Amino acid sequence: MKQVKWIFLIYAILSAASIIGIGIAIAEKSIIGAVGSIIAVILIMGLGFSQKKKMRESGNL
């Protein structure tokens with residue numbers, strides 16, 4: 001059985017929360033909130049993918 005990579009789980013939860021934030025911001029008609037959530041999704045997912053690439057290159061994945 002494979003070990004859980006906790007950092008990736010945290011990135012996934014944060015990304016999902018940011019996507020939910022986009023929906024909430026749209027429902028509240030908050031452009032600033034929607035834009036902030038979109039930026040957060042891009043940053044969090046980018047960090048996750050770059051972390052995965054680093055771990056793959058170092059042989060830890």
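Scanning the stretch 28-57 for residues that are touching a residue at least 24 places away in the same chain (Cβ under 8 Å) and of a type in the set (Lys, Arg) yields one hit, LYS52. One residue stands out among those in the stretch 2-23 that are surrounded by fewer than 13 Cβ atoms within 10 Å (Cβ to Cβ) and of a type in the set (Val, Ile, Thr): the one that is modelled with the lowest pLDDT, which is VAL4. Of the residues ILE44, ILE22, the single one that is among the aliphatic types (A, V, I, L, M) and under 30 Å from ASN60 (Cα atoms) is ILE44.
Within the stretch 1-32, being over 24 Å from MET55 (Cβ atoms), part of a loop (DSSP other than H, G, I, E, B) and not polar (S, T, N, Q) holds for GLU28, LYS29. Filtered by the rule that a residue be in contact with a helix residue (DSSP H, G or I) (Cβ under 7 Å, 6 or more places away or on another chain) and either closer than 30 Å to VAL4 by Cα or exposed (fewer than 13 other Cβ atoms within 10 Å of the Cβ) (or both), the stretch 25-51 gives SER37, ILE38, ALA40, VAL41, ILE44, MET45, LEU47, GLY48, GLN51.
The values are calculated or read from the model by the stated rules, or taken from the named source; none is laboratory data. For clarity, every value in this text was computed on a predicted model and none was experimentally measured. FYI the Cβ positions are ideal-geometry reconstructions off the backbone, even for glycines, and counts take in every protein chain you see.
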